[in-house]
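What follows is a single structure, and I will ask about it in a moment.
What follows is calculated from the coordinates using simple rules that are stated; it is not laboratory data. What you see is a predicted model; the values in this text were computed from it and never measured. In this analysis, Cβ positions are derived from the backbone assuming ideal geometry, glycine residues included, and neighbour counts consider all displayed protein chains.
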Amino acid sequence: MKAKKRVVTSGASASASRTRRRPTVRRVTSAIVPARPVAKRERAASPAGGSTVESVVAQPPASVDLSVDLAPRRGGLRLANPILVASGTFGYGIEYGEVVDVERLGAICCKGTTLKPRIGNPPPRVTETPAGMLNSIGLQNPGIDAVLEKYAPLWQRWSVPVIVNVAGESIADYVEVVRRLDGVPGVAGVELNISCPNVGKGGLQFAIDAEAAGAVTAAVRRATGLPLLVKLSPNVADVRPIARAIEAAGADAISAINTLSGIAVARDRTRPLLGNVFGGLSGPAIKPVALRIVYEVSQVVDIPVVAIGGIVELGDVLDFLAVGAVAVQVGTAIFADPTLPVRLVDELAVECARRDLDSYRPLIGTALPRKPGPPSVKGVEYRP
Amino acid sequence: MRLVPAELVESRQILPGQWIQSFHAPALASGSRAGQFVHVRTGDYSGLLLRRPLSINTADPATGVITIHFRTVGRGTDWLTRLRPGETLDMLGPLGRPFEVDPRSRHLLLVAGGLGIAGVRMLIDEAIRDGRQVVVLFGAASARDVYPSSLLPDEVEYAVATDDGSLGHAGLVTELVADYEAWADQAFACGPKPMLAALATLAAGRRERLGVAKLGRKRGGGRRDPVGSPAARRKSFLQVALEQNMGCAVGACLGCVVMGVTGQPQRVCREGPVFAAEEIAWEAGW
């Protein structure tokens, strides 16, 4: 190994690539290419230059009241603003700490937590889909005790409320986890994940049946005085009886929606792509579904509805408010733009100021019908 | 970890379907180490949502330029190729943990399979800067996919294996390792998972084949570096850079895991992308 020998790739291939390169560049810039790709590029360049938007709303008006109480019955979950981050997209709040000022968020919903540690599903666990993504994490988490030991002291120091997302396989599981959360400093509330589509046992079965959803909510309600949110699944025929049952069982608020069940196919088309076969669809692709469910649910319950599903800009927030949501959770879009939730807080304040509102409350429910009527009943027959 | 704007300086197709792009991003160029990656936001004009995790191919703190090397596999990477100089991308980085080179290592063996060269390319620069000798073993399907030697520093010894024998050794790149494993102090690899698994097996049996005594404290015992710590990785013969579908790339979504030997899934974005070969449970199929 004294002399340095170099195995040189054939000069022909190197020069060939060089000559090939030039026409490729010319193709992109030539006039033969119609204006379409150029327009595409311009449009595409704007989100990358998102910092300009940021500078426009650098000074949000302080006079607008964005605060909201998600547990008005007990007055226990007061948020500084209605922009939350959705469970599973923000870890335990610290992962994005270097690029996001978490204290400015309305609240953080932490990663779904179970009684015992779970290692989750085999990879691949995520894949991109048109205007969305499929995930099948399988509730990987270190278990409630480890989570509280590691993160609760940190949450206690934050001014932003942390809502612990709880998942389980049985009612006893849910109750036990919630008991351990009760009274822990730093835990502001509980969000029941009764609708995870990615685990074999438990999860979804509670969300598709009104009786089961009511039972698990009531059991958890008896176990804790913490503000209680229950997260609805879109994978049901009619969501309204389930929402009513959850309200009757004593939930403080409803969050909607969880992911839609879906699959993707591997590149070589020999098998499904995800390790768990089934995944949950999220992102802008599911916004219309989320809007429909929030629209339906907010007409049949009196408790606050927290909307989740494909929020990527202020317009989406306003849409969800218009169909009755009092707050929203930003999820998948955080992966593309971690600063989005904080920016939405500022943009919402600016929007309110622009409309001469001193609170964002007048924006809520503006698109709801005067009285709940036939439109929300119709269509149930041909829904899956 | 920072969100920084990166302005495209130069874009060129080095091989059919493979591109190297240079970006002006001083914060990334001066703050990153070999093995780390950036999470690049592509345009969302057609519903693309996720960022693309790409290895930092080279970084030059003097000019503030980093390069990325990718293959056009879908709409996101296709969009990247149509970016023009002067346009700006949004990059999150540097992310992940770098390769750990033992200060005493003089001879580094780098094994790259196809696009895996992008994962170890920066380590070549770092090693040569530090006066180490570098051998790069490169494997590809055929000559048309072989990384041009003109893009490597002159100090590097470069050996190529192609599946169809059209250039260099006919066969797998792992078959070249035998010539160098006695020479190498440490090895680093990036490429397809089967290649990495084969290398891990080779690395595990290396000591017996060479008859090398276990280095370290004479009486054994003593302080053991925790698995996955930089110190433990420095002592490991083989480090591998893995790739996996990613969501957030900061450790929040748990989308990019591989199974570790401890039975705990390891996040490629946070505990990785570089792992010591013995940290990974290769047979788990994860």
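Explain nothing, just the number: dipole magnitude of chain B about its Cα centre with +1 on each Lys and Arg Cβ and -1 on each Asp and Glu Cβ, in debye rounded to the nearest 20.
It works out to roughly 1020 debye.
Between B:Asp60 and A:Glu149, what FRET efficiency comes out of the Förster formula 1/(1 + (r/R0)^6) with R0 = 45 Å and r the beta carbon distance, rounded to 0.05?
So the FRET efficiency works out to roughly 0.55.
Toward the positive end of the charge dipole of chain B, about the Cα centre and with charges on Cβ (Lys, Arg +1; Asp, Glu -1), which of B:Ser150, B:Pro16, B:Ser55 goes farthest?
B:Ser55
At a Förster distance of 60 Å, what's the computed FRET efficiency of B:Gln264 paired with A:Lys371, Cβ-Cβ distance as r, to 0.05?
Here the calculated transfer efficiency is 0.65.
Here is a follow-up. At 10 °C and 1.306 mPa s, grab the translational diffusion coefficient of segment A:194-336 from Stokes-Einstein with a Kirkwood Rh over Cα pairs, rounded to a whole number in µm² per second.
Calculated translational D: 101 µm²/s.
Counting each DSSP H run of 4 or more residues in chain B as -39500 (n - 2.57), what helix-only mean residue ellipticity at 222 nm follows after dividing by all residues, to the nearest 500 deg cm²/dmol?
Helix-only estimate at 222 nm: -4500 deg cm²/dmol.
Relative contact order (percent) for segment B:144-282, with alpha-carbon contacts under 8 angstrom and 6 or more residues of separation?
Contact order relative to length: 18 percent.
Can you sort A:Asp316, B:Asp163 by how many other beta carbons sit within 10 Å, fewest first?
By the 10 Å Cβ count, ascending, the order reads B:Asp163, A:Asp316.
Viscosity 0.890 mPa s, temperature 25 °C: what is the translational diffusion coefficient of segment B:154-208 from Stokes-Einstein with a Kirkwood Rh over Cα pairs, rounded to a whole number of µm²/s?
Rounded, D is 200 µm²/s.
Assigning unit charges at the beta carbon (Lys, Arg +1; Asp, Glu -1) and nothing else, what dipole magnitude in debye, to the nearest 20, does segment A:71-187 show about its Cα centre?
300
Greater than 25 Å separation of Cα atoms is the criterion. Which listed pairs, A:Lys116/A:Lys287; A:Lys150/B:Lys235; A:Lys111/B:Lys193; A:Lys111/A:Lys231; A:Lys111/A:Lys287, meet it?
Where the Cα-Cα span goes over 25 Å, the pairs concerned are A:Lys116/A:Lys287; A:Lys150/B:Lys235; A:Lys111/B:Lys193.
Now for a separate question. Given a cut-off of under 8 Å on Cα pairs at least six residues apart, what relative contact order in percent is computed for chain B?
17
Take every DSSP beta bridge with both residues inside chain B and express the antiparallel ones as a percent of the total, to the nearest 5.
Around 60 percent of the beta bridges assigned by DSSP in chain B are antiparallel ones.
A further question on this structure: Given charges of +1 on the Cβ of Lys and Arg and -1 on the Cβ of Asp and Glu, with all other atoms neutral, how large is the dipole of segment A:224-330 about its Cα centre, in debye to the nearest 20?
Dipole magnitude for segment A:224-330 comes out near 480 debye.
Taking the mean number of other Cβ atoms within 10 Å as a proxy for protection, how do you rank B:168-177, A:342-351 from highest to lowest?
Ranking, from highest mean packing down: A:342-351, B:168-177.
Then there's this: May I ask for the angle, rounded to the nearest 10°, between helix B:117-129 and the longest principal axis of chain B, with both axes built from Cα atoms and the value confined to 0 to 90°?
That helix lies at roughly 70 degrees to the long axis.
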